[in-house]
Amino acid sequence: MIHLSEVTIGITSFLRHRYLLSSCVSIAQYLPECCVIIADDSDYGHTEGEFDYSVMQTPHFPIGFHGVSFNHKWLQLPFDSGLSAKRNALVQACCTSLFLLWTDDFKADEECRSGVLKMLDLMERHLAIDLVGGRVDNRPYECFLEFKCGEYVKETRFVPPSNACEYWGVDLTVNYFLAKTTVLREVPWAQEVGPIGGEHGQFFLDLWLADRYKVVWVPGVNVKTMTLGPEAKDPRYDSYRARAYELGHQAMKRRYNIQRYIDMNGGIS
């Protein structure tokens with residue numbers, strides 16, 4: 001039987017350390033068995049393996065923070081290295097067979113724990129499955145992919161049939177998933193796509209093009225995001241986040257030599 005101790009939660013963080021602390025508190029409360037690795041590319045002067053969580057203690061943090069002990073591995077990357085670099089670093093540092101992709105505004109709770117156990121159980125019983133996706137804030141984000149070199153990539157939204165099923169095969173899920181660590185090493189995120197934007201489609205398209213990995217979506221698996229006050233993030237965060245289309249998305253299109261990316265809502269870019 002696979003235990004939660006075989007799952008590493010890989011957290012990416014950038015200029016939102018108060019979100020990060022709240023997220024770590026929730027993991028300590030609801031998924032304490034899991035290993036945790038944090039990859040951060042902020043410019044706050046931290047060094048590899050060192051981070052003093054006490055600097056983030058304020059009245060805004062959840063009750064019960066004091067006394068929560070953390071034993072996380074900290075990866076400090078150069079400033080603005082990007083999501084692809086952070087995710088690849090997390091996977092390379094992972095020492096367990098399974099990897100749960102996480103970001104600093106995710107919040108663990110009872111629903112989240114139940115979903116992680118559900119994904120874990122599914123992968124134990126169906127060894128051919130390589131990646132199990134859930135949802136974020138219960139928003140549908142599953143699709144199939146179509147690719148024509150030199151022309152386009154097209155997403156087609158998956159609409160679950162009315163009949164109940166334990167899982168459904170898809171090509172792309174939201175960036176909240178449990179995957180085999182070996183698969184994530186075989187199909188990394190492209191370093192040239194970033195620092196933000198485009199890496200989502202790139203990663204799942206590469207999995208799809210490899211034509212040997214099984215990606216599924218599981219109904220009833222969900223993680224919530226937090227909405228904290230403006231003091232919880234660096235004033236620069238929004239401007240860095242807004243570069244997704246002009247930087248990463250365009251780099252992804254160049255990578256595949258496509259003219260159009262058609263998303264699951266019919267939007268064309």
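General observations
- The set of residues from the range 221-237 being modelled with pLDDT of 95 or more and either in a strand (DSSP E or B) or charged (D, E, K, R) (or both) comprises Val221, Asn222, Val223, Lys224, Thr225.
- When restricted to residues that are closer than 16 Å to Gly169 by Cβ, small (Gly, Ala, Ser) and surrounded by 22 or more Cβ atoms within 10 Å (Cβ to Cβ), the range 104-143 contains 2.
- All conditions in (1) touching a strand residue (DSSP E or B) at 6+ places or on another chain (Cβ under 6 Å); (2) at pLDDT 90 or above; (3) closer than 25 Å to Arg241 by Cα hold for Ser42, with the sole exception of (1).
- Qualifying residue in the range 70-78 (condition: buried (at least 17 other Cβ atoms within 10 Å of the Cβ), in a strand (DSSP E or B) and modelled with pLDDT of 95 or more): no
- Of the listed requirements (1) over 30 Å from His126 (Cβ atoms); (2) basic (Lys, Arg); (3) without any contact (Cβ under 8 Å) to a residue 24 or more places away in the chain; (4) not in a helix (DSSP H, G or I), Arg254 misses just one: (4).
- Residue match in the range 182-192 (condition: closer than 15 Å to Val216 by Cβ, in contact (Cβ under 8 Å) with a residue 40 or more places away in the chain, in a helix (DSSP H, G or I) and in contact with a strand residue (DSSP E or B) (Cβ under 6 Å, 6 or more places away or on another chain)): no
- Subset of the range 150-174 [in a loop (DSSP other than H, G, I, E, B) and more than 21 Å from Glu124 (Cα to Cα)]: Gly150, Glu151, Phe158, Val159, Pro160, Pro161, Ser162, Asn163, Val174
- Single residue of the range 1-38 satisfying the filter (charged (D, E, K, R) and in a loop (DSSP other than H, G, I, E, B)) that is farthest from His72 (Cα to Cα): Arg16
- Residue match in the range 193-202 (condition: exposed (fewer than 13 other Cβ atoms within 10 Å of the Cβ), modelled with pLDDT under 95 and either hydroxyl-bearing (Ser, Thr, Tyr) or touching a Phe, Trp or Tyr at 6+ places or on another chain (Cβ under 8 Å) (or both)): no
- The listed residue being of a type outside the set (Val, Ile, Thr), within 21 Å of Thr225 (Cα to Cα), modelled with pLDDT under 90 and under 21 Å from the mean Cα position of the chain (by Cα), out of Arg18, Arg87: Arg18
- When the range 142-158 is filtered for residues that are of a type in the set (Phe, Trp, Tyr) and within 17 Å of Ser269 (Cβ to Cβ), the ones remaining, listed by number, are Phe147, Tyr152.
- Listed by first and then second residue, the pairs linking a residue in the range 158-172 that is touching a residue at least 24 places away in the same chain (Cβ under 8 Å) to a residue that is of a type outside the set (Val, Ile, Thr) and part of a loop (DSSP other than H, G, I, E, B), with Cβ atoms under 6 Å apart and 6 or more places separating them unless they lie on different chains, are Phe158/Glu142; Val170/Glu142; Val170/Phe158.
For every residue, the table says whether it meets (1) over 25 Å from Lys154 (Cα atoms); (2) surrounded by 12 or more Cβ atoms within 10 Å (Cβ to Cβ).
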{"residue": "Tyr213", "(1), (2)": "no, yes"}
{"residue": "Gly220", "(1), (2)": "yes, yes"}
{"residue": "Met226", "(1), (2)": "yes, yes"}
{"residue": "Asp234", "(1), (2)": "yes, yes"}
{"residue": "Asp238", "(1), (2)": "yes, no"}
{"residue": "Arg241", "(1), (2)": "no, yes"}
{"residue": "His249", "(1), (2)": "no, yes"}
{"residue": "Lys253", "(1), (2)": "no, yes"}
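The values are calculated or read from the model by the stated rules, or taken from the named source; none is laboratory data. Here the structure is a predicted model, which is why all the values come from computation and not from measurement. With ideal geometry, Cβ positions are generated from the backbone for all residues, glycine too; neighbour counts draw on all protein chains shown.
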